[in-house]
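Asker: Just dropping this structure here.
The values are calculated or read from the model by the stated rules, or taken from the named source; none is laboratory data. None of these values were measured; they are calculated from a predicted model. Here the Cβ positions follow ideal geometry from the backbone for every residue, glycine too, while neighbour counts run over all protein chains shown. Protein only, heavy atoms only, side chains kept; ligands, DNA and RNA dropped before computing areas. Shrake-Rupley method; radii C 1.70, N 1.55, O 1.52, S 1.80 Å.
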Amino acid sequence: EDQSNNNPELVNQSINELVDLIKIKYENNMDFDRELKYLETILKNNKNPILEKLSILKRNKYKGHSFLEDQFNEEVNLYLKNFVNNNSLFNKIFLPYINLSPSSENIISDEKILILEETKFFIKNRNITKAYITISKIENYNVFFKVSLNEMKNYNAFITEISKLNNV
């Protein structure tokens with residue numbers, strides 16, 4: 001007789017490992033259809049609502065952490081340029097060619113810059129939930145950080161849902 005089917009601990013460990021693998025593939029914008037199909041075969045029927053929701057959520061592709069980092073940096077650049085005084089001749093001539101970003105060498109006092117730095121830190125450390133919460137403290141954040149926010153929403157929704165399968 002096959003012992004693995006009678007060992008719920010082993011099945012749980014397999015599910016957890018599969019969930020972790022899917023998360024890694026999702027975070028790196030890799031295909032995980034085979035893993036999801038396999039997950040369906042080893043899960044009991046009462047887990048189907050989660051699997052159905054995952055198959056819907058996976059349509060909202062997450063382009064990966066490095067894409068999110070790059071995109072956020074671009075949006076920060078545009079955001080900062082938007083808040084620099086646009087009246088001077090210097091700004092009209094040179095600003096379009098200057099890449100602005102909060103500098104770690106400078107002492108940062110502006111609250112907005114601190115929020116941007118904190119958000120950047122959370123993205124870099126792959127804590128997308130905290131990054132989303134932090135960036136939402138900036139006024140009109142949904143205007144300036146549209147693409148980043150969309151990526152964060154997709155990521156958070158998928159990871160929250162698939163995490164429900166851990167230790168079930």
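Asker: I'd like to verify a number: residues in the range 30-61 that are open to solvent by 90 Å² or more (accessible area, probe 1.4 Å) and part of a helix (DSSP H, G or I), how many?
Answerer: First, pick out the residues of the range 30-61 that are open to solvent by 90 Å² or more (accessible area, probe 1.4 Å): 30-31, 34, 37-38, 41, 44-46, 52-53, 56, 59, 61.
Then drop every residue that is not part of a helix (DSSP H, G or I), which leaves 34, 37-38, 41, 45-46, 52-53, 56.
Total meeting the criteria: 9.
Asker: Still on this structure, please answer the following. Select from the range 66-81 the residues that are modelled with pLDDT of 90 or more and open to solvent by less than 50 Å² (accessible area, probe 1.4 Å) and list them in ascending order.
Answerer: Selection gives LEU68, GLN71, PHE72, GLU75, VAL76.
Asker: Oh, and also: Scan the range 119-148 residue by residue and report those that are in a helix (DSSP H, G or I) and buried (at least 17 other Cβ atoms within 10 Å of the Cβ). Give the derivation first.
Answerer: First, the residues of the range 119-148 that are in a helix (DSSP H, G or I): 119-124, 128-135, 141-144, 146-148.
Correct list: THR119, LYS120, PHE122, ILE123, ILE128, ALA131, TYR132, THR134, ILE135, TYR141, PHE144, SER148.
Asker: Next question. So for the range 20-29 (the condition being open to solvent by 50 Å² or more (accessible area, probe 1.4 Å), not acidic (Asp, Glu) and not in a helix (DSSP H, G or I)), does at least one residue qualify? Let's see the steps before the verdict.
Answerer: So in the range 20-29, the residues open to solvent by 50 Å² or more (accessible area, probe 1.4 Å) come out as 20-21, 24, 28-29.
Adding the requirement that they be not acidic (Asp, Glu) leaves 21, 24, 28-29.
Restricting the remaining residues to those that are not in a helix (DSSP H, G or I) gives 28-29.
Yes: the range 20-29 contains one or more residues that are open to solvent by 50 Å² or more (accessible area, probe 1.4 Å), not acidic (Asp, Glu) and not in a helix (DSSP H, G or I).
Asker: Could you list, in sequence order, the residues of the range 82-115 that are assigned to a loop (DSSP other than H, G, I, E, B), open to solvent by 100 Å² or more (accessible area, probe 1.4 Å) and at pLDDT 55 or above?
Answerer: Hit for the range 82-115 is ASN99, nothing else.
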